[in-house]
1. Among the numbered conditions (1) modelled with pLDDT of 60 or more; (2) in a loop (DSSP other than H, G, I, E, B), tell me where Asn36 comes up short.
2. So which of Phe124, Phe154 is closer than 23 Å to Ser28 by Cβ and buried (at least 18 other Cβ atoms within 10 Å of the Cβ)?
3. Within segment 105-117, identify whether any single residue is open to solvent by 70 Å² or more (accessible area, probe 1.4 Å), among the hydrophobic types (A, V, I, L, M, F, W, C) and modelled with pLDDT of 75 or more, and answer yes or no.
4. Considering only residues of segment 162-179 that are among the small types (Gly, Ala, Ser) and either open to solvent by 30 Å² or more (accessible area, probe 1.4 Å) or touching a His at 6+ places or on another chain (Cβ under 7 Å) (or both), which is farthest from Ala145 (Cα to Cα)?
5. Residue check: is Leu56 farther than 17 Å from Asn116 by Cβ, within 17 Å of the chain's Cα centre (by Cα) and aliphatic (A, V, I, L, M)?
6. From the list Asp97, Asp86, pick out the single residue that is modelled with pLDDT under 90, open to solvent by less than 40 Å² (accessible area, probe 1.4 Å) and among the charged types (D, E, K, R).
7. Search segment 116-142 for residues that are more than 30 Å from Lys32 (Cα to Cα) and pair each with any residue that is of a type in the set (D, E, K, R) and open to solvent by less than 50 Å² (accessible area, probe 1.4 Å) when their beta-carbon atoms are under 6 Å apart and the residues are at least 6 apart or on different chains.
8. Yes or no: Ala150 touching a Phe, Trp or Tyr at 6+ places or on another chain (Cβ under 9 Å) and either in contact (Cβ under 8 Å) with a residue 60 or more places away in the chain or more than 22 Å from Asn168 (Cα to Cα) (or both)?
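The values are calculated or read from the model by the stated rules, or taken from the named source; none is laboratory data. Just so we're clear, the structure is a prediction, and the values are computed from it rather than from any experiment. Using ideal geometry, Cβ is built from the backbone for each residue, glycine included, and neighbour counts are taken over all protein chains shown. When the accessible area is computed, the model is the full protein with side chains, heavy atoms only, and any ligands, DNA or RNA have been set aside. Shrake-Rupley method; radii C 1.70, N 1.55, O 1.52, S 1.80 Å.
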Amino acid sequence: QRQTQTQPKMMHLPFESLSKMNRSAASSLKMKDAMNIRPLISFYPLDSIHKSLKILGEQNLRFAPIIDYRSGAKFYGFLDVFTVIDYLLQVMQVKYDENETNMNDGELAKRSADFNFASVLSVFEAAKRKESFKEIRHQFLDEEASVLDAVDLFKSGIESLVITSGGNVIGVFTQSAMLELLNTEPSLIGQPQKHSKLHEGMLKEKLITISPQSTTLEAFNRMRENDLSCLGIEEGGNIIGCITTSDILGISNFRFKRLLSPVIEYISENRTHQVTQRRSDEPKN
């Protein structure tokens, strides 16, 4: 196994490189108009972790806001994949470097149920009480603000904007939504670089890797420790695959026993299941 000696800096999408932006056009486009680029994906406070993982996986998101529209669109914060992984590790209650556990199938099934049916708000509030909690860097921004204002905030390190109207939350605008906007509005800028989860992970100072025999639980913990969206799987000095935060969806599809299996087996079975699921969801002729 190989790991960097120093913690790599968190790298954000390349807004700092937008030197060719048409600042005049960006300053005239309001956020209320830009928000139409994609629908808002959010969680209700009582939604289950099982449901939230399904949504994050289907929408290929790392985080989404918790908003209670029954209480005047009250914004609680962002539930992100790392917070879910933290809760997973708490429920499992095993050492991160252990490859074995004495828990039987019945106990693993019980812990799987405890995990999947917990509410997103209870998990989020519990995470906030920990010293290790890392909140998604966000800022409130009025809908009348310009796209240029938003870009400048993203350049400063903000990860997501909570858009308000008259003091009420009406939506969320993320870095990826901004890049999508810039990609569809040629008047603002030319074609930006496209980033995948693997590319984002490899933009770190060094790619952190694990061996194929590492447990899946260990892989998720390694991602959490290093604030990474993906890890390389290395064998014999070669990268033979990767595991991303999206793969956490598999823990709601399989029994928790899969977390104790080698990561390469977990990924293979998880992605086979996803392909089968997509095919079964396709309309029949």
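1. Here Asn36 meets the rest and fails (2).
2. Result: Phe154 is the single residue among Phe124, Phe154 that is closer than 23 Å to Ser28 by Cβ and buried (at least 18 other Cβ atoms within 10 Å of the Cβ).
3. Yes; the residues of segment 105-117 include at least one that is open to solvent by 70 Å² or more (accessible area, probe 1.4 Å), among the hydrophobic types (A, V, I, L, M, F, W, C) and modelled with pLDDT of 75 or more.
4. Let us first name the residues in segment 162-179 that are among the small types (Gly, Ala, Ser), namely 165-167, 171, 176-177.
Among the residues that remain, those that are also either open to solvent by 30 Å² or more (accessible area, probe 1.4 Å) or touching a His at 6+ places or on another chain (Cβ under 7 Å) (or both) are: 165-167, 176.
Working: Ser165: 10, Gly166: 13, Gly167: 13, Ser176: 18 Å.
The residue in question is Ser176.
5. So Leu56 fails the test.
6. Residue meeting the stated conditions: Asp86.
7. Pairs found: Ala127/Asp86.
8. Here the answer is yes, as Ala150 does meet what is asked.
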